[in-house]
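K.L.:
Handing you this structure, nothing more for now.
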Amino acid sequence: MNAGTMAAAETRRRAVSLCSLVSAASGEDPLGSAWATPRYLLVELALPWGYDLLAGQHMPAGLREFVEELYEQGRDWGLIGMAPDEAYSVPGMARVIDLALPEPPFRAYARREYLIPPDGLVAALRTMADDPGSVLLDAYRQAPSAARDLLVCTHGAVDACCAKFGYPVYRRLRQIAAESDADVRVWRCTHFGGHRFAATLLDMPEGRYWGRLEARHLAHLVRRDVPTAELRGCYRGWAALPHPLQQIAEGEAFVRGGWAWTECAVTPSPPPPEEATSAEVTFSYNHEASGERGEMVVEVVRDGSVMTQMESTAPEIVEAPRYRSVVRRVTPEGGLLAGERS
C-alpha cells in the first residue's frame, strides 16, 4: 500500500465515529424510536446486502419496482430482508412472513407464513399485498407458527454499528435460543432504523423493538425472567403505535404491567398531531387470561434535549428531544396487573 492509499484509508477511518457510542454516552433514551407501520413483509433475501438493498445483484427481478409501487400508493410498509439460514431455510425456496396489525384492541401482529420459489416471489408478494386471502397463495402457505421471530440488524453496509454490535448479539442469541426451551427463531436482518441504538432487535409478532443490547441482556430477553423495569433502558417502543409520544407512554405501561402487559389486548387513544411535543395518552386493556380490564392514562412532556449523532459516517452532533412521562391515572385503582406478574 503506497503513501497515498494509506492516507486515504486513514481519512476514511477517521470519518467514521460510531454513532451508537456517541448516543449512549449522551444519555439519549431509545424509547420512542420504533419504526411504526401497520404491515411488515419479512422476506428471505440472499447475502451480501449493499447500502441500497434493492440494487443488489442477488435481488429478485421486479422487487424494487414492487416496493416503489407500494410507496407510491401510500402503503408505507416495512420490507425487511432476512438472511437465509441453514436451521430455518428450505433449499430452493424463499420464506416470507407477512405481519399485519389488526384493528384495536390488539396485542400482536397477525402472521401468515409462506415458502415461495424465487421465480414466483414478486408475483406472490403482489398478491399478498392486495388479497392476502387469495387461493393463489394456498400452495405456498405454511402452518401457523407459534415461534417468536427475533430479527437482529446486522446490515453493516448501512451503518458500521449494525455489523460491529449487531452481529455478536445475533451469534449469542442463536446460542441462547438453541439452549432454551423457548420457541424462538433468530434471524440476521436488514436495516430497520435506529442504528445509533445498535445492537437493535425486532421481536415479532409482537412488534416490539429493542436497542443498546449487550450480552448480559439477551437471555433475559428470550426467557423473560426478569422484571421489565430491568430492561427499560433497552426498550425502543412498540411498532403498533405510530407516534413517538404514544410509544413513550406505552413504555410506562410495559414497566408497570411487566411481561403480562404483552398478553393484553390494547386500545390506544388516537395519536397526537405529528408535531406535538406533549400529549396525554390513554390505553384501555384487557388481559384475557386473568380477566382484568382497565385503563391507564400517561402524560408525556418535552423535558429538554441531549446532543447525539444520527449516523456513523455523518459525525455531525445534533440535538434530540428528551421527554419525561408520568402516570396520571390507573383504573381500577391498583390495576394494570399491579406489577405482580413482572
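K.L.:
Relative to the Cα centre, what is the charge dipole magnitude of the chain, using +1 at the beta carbon of each Lys and Arg, -1 at the beta carbon of each Asp and Glu, and rounding to the nearest 20 debye? If you can, show how the numbers build up before the last one.
P.N.:
Working: 35 positive and 45 negative charges, 192 e Å.
Roughly 920 debye for the chain.
K.L.:
OK, next. Stretch ARG293-THR331 to full length: gain in nm at 0.36 nm per residue minus the Cα-Cα span? Don't jump to the answer; show the numbers that get you there.
P.N.:
Working: separation 38, 0.36 × 38 = 13.68 nm, distance 0.86 nm.
Between ARG293 and THR331, full extension yields 12.8 nm more.
K.L.:
For segment 154-219, with only Lys/Arg (+1) and Asp/Glu (-1) charged at the beta-carbon, what is the dipole magnitude about the Cα centre, in debye rounded to 20? Don't jump to the answer; show the numbers that get you there.
P.N.:
Working: 10 positive and 7 negative charges, 58 e Å.
The calculated dipole for segment 154-219 is roughly 280 debye.
K.L.:
OK, next. Across 5 Å bins from the origin, how do the percents of Cα pairs in segment 252-309 run, short distances first?
P.N.:
Once binned at 5 Å, the Cα pair distances of segment 252-309 give 4, 16, 23, 18, 15, 12, 8, 3, 2.
K.L.:
Sort all Cα-Cα distances of segment 213-301 into consecutive 5 angstrom bins from zero, then give the percent of pairs in each bin up to the one containing the longest distance.
P.N.:
3, 14, 24, 22, 18, 12, 7, 1
K.L.:
Could you tell me which helices of the chain pass both thresholds, a Cα extent of 15 Å or more along their own axis and a mean Kyte-Doolittle hydropathy of at least -0.5, with helices taken as whole DSSP H runs? Provide the component values of the computation, followed by the final result.
P.N.:
Values: long enough: 3-15 (18 Å, -0.61); 166-179 (20 Å, -0.64); 244-257 (20 Å, -0.14).
The qualifying helices are 244-257.
K.L.:
Subtracting the Cα-Cα distance from 0.36 nm times the residue separation, let me have the gained length for ASN286 to ASP52 in nm, one decimal. Numbers along the way, then the final one.
P.N.:
Values: separation 234, 0.36 × 234 = 84.24 nm, distance 4.21 nm.
Stretched out fully, the ASN286 to ASP52 stretch lengthens by 80.0 nm.
K.L.:
List the residues whose amide H sits under 5 Å from the amide H of GLU206, counting only those 5 or more places along or on another chain, with H placed 1.01 Å from N in the peptide plane.
P.N.:
Those lying under 5 Å, H to H, from GLU206 are TYR109.
K.L.:
Another question, if that's okay. With charges set only on the Cβ (+1 for Lys and Arg, -1 for Asp and Glu), what does the dipole of segment 21-158 come to about its Cα centre, in debye to the nearest 20?
P.N.:
Once rounded to the nearest 20, the dipole reads 340 debye.
K.L.:
Along the Cα→Cβ direction, 7 angstrom out, place labels at LEU21 and GLU275. What is the inter-label distance in nm?
P.N.:
Roughly 3.8 nm, to one decimal.
K.L.:
Projecting each Cα onto the charge dipole of the chain (Lys/Arg +1, Asp/Glu -1 at the beta carbon, about the Cα centre), which of ALA182, PRO244, TRP35 comes out farthest on the positive side?
P.N.:
Farthest along the dipole direction, towards plus: ALA182.
K.L.:
Just want the answer: with Cβ charges of +1 for Lys and Arg and -1 for Asp and Glu, which residue in HIS220, GLY335, PRO271 is farthest toward the dipole's positive end in the chain?
P.N.:
HIS220
K.L.:
If you find the alpha carbon centre of segment 27-54 and of segment 273-342, how far apart are they in angstrom?
P.N.:
Centre-to-centre distance over Cα atoms comes out at 22 Å.
K.L.:
Would you mind checking which residues have amide H under 5 Å from TYR323's amide H? H placed 1.01 Å from N; only 5 or more apart, or other chain.
P.N.:
Amide H to amide H, under 5 Å and 5 or more residues apart or across chains, TYR323 pairs with ASP303.
K.L.:
Hand me the chymotrypsin sites (Phe, Trp or Tyr not before Pro) from segment 212-263 located in a DSSP loop with no more than 16 other Cβ atoms within 10 Å, in residue order please.
P.N.:
Numbers: sites: TYR235, TRP238, PHE254, TRP259, TRP261; in loops: none.
Listed in order of number, the matching sites amount to none.
K.L.:
Going by how many other beta carbons lie within 10 Å of each one, how would you line up SER312, SER20, fewest first? Please report the intermediate quantities before stating the final value.
P.N.:
Numbers: SER312 24, SER20 27.
By the 10 Å Cβ count, ascending, the order reads SER312, SER20.
K.L.:
State the label only: which of [x] 22.9, 75; [y] 20.7, 73; [z] 21.3, 65 corresponds to Rg and Dmax of the Cα atoms in Å computed from the shown model?
P.N.:
Correct label, based on the coordinates given: [y].
Readers should treat all values here as calculations from the given coordinates under stated rules, not as data from a laboratory. If you're wondering where the values come from, they're calculated on a predicted model, not measured in any experiment. Neighbour counts are summed over all protein chains in view; Cβ atoms, including those assigned to glycine, are modelled from backbone coordinates with ideal geometry.
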